[in-house]
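Comments concern the structure below.
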Amino acid sequence: MPRLALYTFGVLKSPLAEPAPLTREFYDVGEAVYRKISRHPGHLAHAEAADGDRGTLFGADWGAWGEFAVPAWYSKGRTRETTALAATLSLWTGLRPAFDAVYTGVHRDALNRRYDWFERTEHPNHVFWWLPDDVTPTWRDGVFRLEHLHGHGSAPHAFTFHHPFAPDGTPTRNEDIGPKSDQVP
């Protein structure tokens, strides 16, 4: 059964090491959101540094998730002191569980505040793609697909919630994954 990979990427307004008050708030809220998402039905796994140090992105051992990578448009720092980004890489059973996790509960509350914490860019902030059951996505896969999405739009190998595709590559109506009436006001 295919699995769905999700890569997210955003550029923070200040470095994580010496953040402005709002960026510190993002980091604090993010910990709770991350724990909640990890327990959401349909969430299979997410990339974590092998030593558990979430403060180091570049140079950390990410195991099967590969070497940490960022899109070409990221121009801020790459050291522990200067890194100003938030990125995730995760696996899901399908679009519906991923949509529910992102657009309900504490993640939705955080998402509504994203421009307090993140710079506005003209680049996409997330990308999905389907994988065979025995494949683990890598950070480089996520970057490649996000950059492809930016340059070419949604396609079966790089798509968004707004223009989704089924595992067989056929377009899917986004109404099939939209909010359930009892979950989102």
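Taking LEU57, is it surrounded by 16 or more Cβ atoms within 10 Å (Cβ to Cβ), modelled with pLDDT of 95 or more and either at positive phi or in contact with a Ser or Thr (Cβ under 8 Å, 6 or more places away or on another chain) (or both)? Full working, then the answer.
Details: surrounded by 16 or more Cβ atoms within 10 Å (Cβ to Cβ): yes; modelled with pLDDT of 95 or more: no; either at positive phi or in contact with a Ser or Thr (Cβ under 8 Å, 6 or more places away or on another chain) (or both): yes.
Taking the combined requirement at face value, the residue does not satisfy it.
Beta carbons closer than 9 Å, at least 6 apart along the sequence or on distinct chains, pair a first residue in region 4-24 that is free of Cβ contacts under 8 Å to residues at least 24 places away in the same chain with a second that is open to solvent by 10 Å² or more (accessible area, probe 1.4 Å) for PRO19/LYS13; PRO19/GLU25; PRO19/PHE26; PRO19/TYR27; ALA20/LYS13; ALA20/SER14; ARG24/SER14; ARG24/LEU16. Scanning region 1-37 for residues that are part of a helix (DSSP H, G or I), open to solvent by 40 Å² or more (accessible area, probe 1.4 Å) and either more than 15 Å from TYR115 (Cα to Cα) or modelled with pLDDT of 90 or more (or both) yields ASP28, GLU31, ALA32, TYR34, ARG35, LYS36.
Of all residues in region 63-82, those that are over 20 Å from ASP141 (Cβ atoms) have Cβ atoms under 9 Å from Cβ atoms of residues that are of a type in the set (Lys, Arg) and surrounded by fewer than 19 Cβ atoms within 10 Å (Cβ to Cβ), 6 or more apart or on another chain, in THR82/LYS76.
Taken together, the criteria place ALA101 among residues that are assigned to a helix (DSSP H, G or I), in contact (Cβ under 8 Å) with a residue 60 or more places away in the chain and touching a strand residue (DSSP E or B) at 6+ places or on another chain (Cβ under 8 Å). Counting only residues that are open to solvent by less than 30 Å² (accessible area, probe 1.4 Å), touching a His at 6+ places or on another chain (Cβ under 9 Å) and not aliphatic (A, V, I, L, M), region 75-103 holds 4 of them.
Scanning region 141-174 for residues that are in contact (Cβ under 8 Å) with a residue 60 or more places away in the chain and either among the small types (Gly, Ala, Ser) or touching a helix residue (DSSP H, G or I) at 6+ places or on another chain (Cβ under 9 Å) (or both) yields a total of 4. Within region 125-152, the set of residues being basic (Lys, Arg) and surrounded by fewer than 19 Cβ atoms within 10 Å (Cβ to Cβ) comprises just one member, ARG140.
The values are calculated or read from the model by the stated rules, or taken from the named source; none is laboratory data. These numbers were taken from a predicted model, which means no experiment stands behind them. Methodologically, a virtual Cβ is constructed for each residue, glycine included, from the backbone with ideal geometry; neighbour enumeration extends over all protein chains shown. Only protein heavy atoms, including side chains, enter the accessible area calculation; ligands, DNA and RNA are left aside. Shrake-Rupley method; radii C 1.70, N 1.55, O 1.52, S 1.80 Å.
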